[in-house]
Amino acid sequence: MRLVWMVLALLISSVASATEVQVTVVEPYADMHTGPASEYPAFHAVERGEAITVMSSHTGWYKVRTARGVEGWIPGNALAKTILQDNKTFPIDDKNFDAFQQRLFEVSVFAGRIDNTNALSANAAWIITPNIAAEASLTQALGEFSENRLWLVRLQHTAFPDWRLSPYFTLGAGQIQTTPTATLVQSGAETRTNDLLEVGVGVRYYLIKQFSVRLEYKRLTALTERDAFEELNQWQLGFSVFF
């Protein structure tokens with residue numbers, strides 16, 4: 001029986017040592033906190049050149065132990081500035097960003113301008129593949145002489161979905177409804193609806209947890225009954241939440 005306990009102890013110690021990783025601090029110092037959050041007070045500073053052992057992780061924080069046996073927690077961004085024994089940086093797992101890359105649905109709100117008119121937009125997207133998404137949007141732009149409502153469906157292609165800052169391109173179609181102001185209506189102007197084509201480019205930056213920020217430019221072409229098409233420029237900035 002005693003032999004069995006000795007074997008179990010050896011197995012447990014070997015597993016523990018396999019999961020623990022030793023790194024060296026290369027920044028001037030790294031603060032250790034009493035718990036896995038910035039709200040916990042910092043009680044010890046690990047100096048440059050000092051080795052620490054990474055024991056476990058919790059919500060972006062890592063429990064470490066110094067060579068003198070002092071144990072505490074440091075954030076992932078501080079641990080990313082340490083090096084392993086082979087002089088490589090410590091790999092930080094970002095589970096939130098992994099979830100972002102595997103999202104299925106996304107909703108967004110934007111504020112911006114269509115030519116010289118303020119505009120607000122709401123979007124809903126279905127992520128088909130990491131590179132391709134189908135998106136529908138509703139935009140309202142209230143100008144001095146008319147109110148415009150735009151309905152669009154589009155395909156969005158993200159060039160580098162594994163980048164936190166990634167460009168994307170859009171191609172869409174829909175309709176634009178233009179309603180003149182009350183003064184123009186009295187003078188005989190009528191509400192008109194025209195087909196709409198869209199070509200756009202944007203950039204997305206993943207912020208934290210379920211949020212990202214997007215900046216977009218779109219070239220809109222209204223297919224009017226006149227000989228010349230009506231061209232509109234749209235700029236917008238907004239936030240997205242994914243599920």
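The values are calculated or read from the model by the stated rules, or taken from the named source; none is laboratory data. Given the structure is predicted, the values throughout are model-derived calculations rather than measurements. Here the Cβ positions follow ideal geometry from the backbone for every residue, glycine too, while neighbour counts run over all protein chains shown. Quick note on the areas: whole protein, heavy atoms, side chains included, nothing else; ligands and nucleic acids left out. Shrake-Rupley method; radii C 1.70, N 1.55, O 1.52, S 1.80 Å.
Brief remarks follow.
- For the range 56-80, the set of residues classified as loosely packed, with under 15 Cβ neighbours inside 10 Å and either farther than 19 Å from THR34 by Cβ or modelled with pLDDT of 80 or more (or both) consists of SER56, ALA67, ARG68, GLY69, VAL70, GLU71, ALA80, listed by residue number.
- Residue match in the range 154-162 (condition: under 20 Å from GLY112 (Cα atoms), at pLDDT 95 or above and open to solvent by less than 90 Å² (accessible area, probe 1.4 Å)): yes
- Where a residue in the range 176-201 is not assigned by TED's automatic domain parsing to the domain that holds ALA133 and open to solvent by 50 Å² or more (accessible area, probe 1.4 Å) and its partner, wherever it lies, is of a type in the set (S, T, N, Q) and modelled with pLDDT under 85, with Cβ under 9 Å and at least six apart: none
- The lone criterion from (1) open to solvent by less than 80 Å² (accessible area, probe 1.4 Å); (2) within 19 Å of LYS88 (Cα to Cα); (3) at pLDDT 80 or above left unmet by GLU20 is number (3).
- Qualifying residue in the range 86-96 (condition: under 23 Å from the mean Cα position of the chain (by Cα), at pLDDT below 80, farther than 30 Å from GLN140 by Cα and acidic (Asp, Glu)): yes
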